[in-house]
Amino acid sequence: MSNARVIAIDGPSGSGKGTIASLVADNLGYKLLDSGALYRVLGVAVLKYNIDINKPSAVAELAGKLNIEFGRGGPGTLWLDGESVTKEIRTAIASDMASTLGAMPAAREALLEAQLGFRQPPGLVADGRDMGTVVFPDARPKIYLTASPEERAERRYKQLIGKGIDAILPDLLRDLKERDQRDSERTISPLKPAKDAVIIDTTNLDIDQVVSQVLELVAGS
């Protein structure tokens, strides 16, 4: 396995970790891993291929067969078995499926190897919920982004509307709170900051301010 440097950026849905991770990776010339997207793609695939989510072995088998491509259609795009699922993975149902699958040991184990494979020179910026606690425990620095539930729901709403996806703000807020509870209470890789993570509350910060803070932490570690 490569010993290339990993910068871990974890946090709940809507905390800005995906946007920040992408900008930090671009700034440093590092590779990028959106681990949440892997679970979302698996969720879309479970629905697409009519896999019984109550059968972990079937879900794990599917996860091992998926052909996932990042950026084939341009930055931020994602393809599953030759078809673009860029919009599908950002829907509420894909988010719920990702959260459910994230609590399934068989699914996590099946996707772990894929995540480890992204660790390549010159370095990797990995964003998710357990990048610094489980997947890359030797990451440096480890950063945990958070924000108020209301702010995170508002961000998600604007993101979805901007992509032409219908959304209802109160429903997004309710779903986000439910997912926070589910993610933090699961027994397998619960959502929480690593003991040595730096916590950044992004509620009242703009993107440039957060990126600057992260880059300062990178330079100092």
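Derivation of every value follows stated rules applied to the coordinates shown; laboratory data play no part. Here the structure is a predicted model, which means the values were calculated and not measured. Cβ coordinates were reconstructed from backbone atoms using ideal geometry, including for glycine residues, and neighbour counts include every protein chain displayed.
Which strands (runs of 3 or more DSSP E) does the stretch 123-221 wholly contain that include 2 or more residues that are within 26 Å of Ala25 (Cβ to Cβ) and of a type in the set (Ser, Thr, Tyr)?
Ranges flagged: 142-146.
Considering only the stretch 131-142, state which residues are surrounded by 24 or more Cβ atoms within 10 Å (Cβ to Cβ) and either touching a Pro at 6+ places or on another chain (Cβ under 9 Å) or at positive phi (or both).
Those that are surrounded by 24 or more Cβ atoms within 10 Å (Cβ to Cβ) and either touching a Pro at 6+ places or on another chain (Cβ under 9 Å) or at positive phi (or both): Gly132, Lys142.
Is it true that some residue in the stretch 62-72 is assigned to a helix (DSSP H, G or I) and in contact (Cβ under 8 Å) with a residue 60 or more places away in the chain?
no
Can you tell me which condition Thr133 does not meet? The list is (1) over 30 Å from Asn3 (Cβ atoms); (2) in contact (Cβ under 8 Å) with a residue 24 or more places away in the chain, and all the others hold.
(1)
Would you say Ala98 is within 14 Å of the chain's Cα centre (by Cα) and either assigned to a strand (DSSP E or B) or without any contact (Cβ under 8 Å) to a residue 24 or more places away in the chain (or both)?
No; evaluated as a whole, the condition is false for this residue.
Against the definition (surrounded by fewer than 18 Cβ atoms within 10 Å (Cβ to Cβ), touching a residue at least 12 places away in the same chain (Cβ under 8 Å), of a type in the set (A, V, I, L, M, F, W, C) and outside any loop (DSSP other than H, G, I, E, B)), how does Ile89 come out, yes or no?
no
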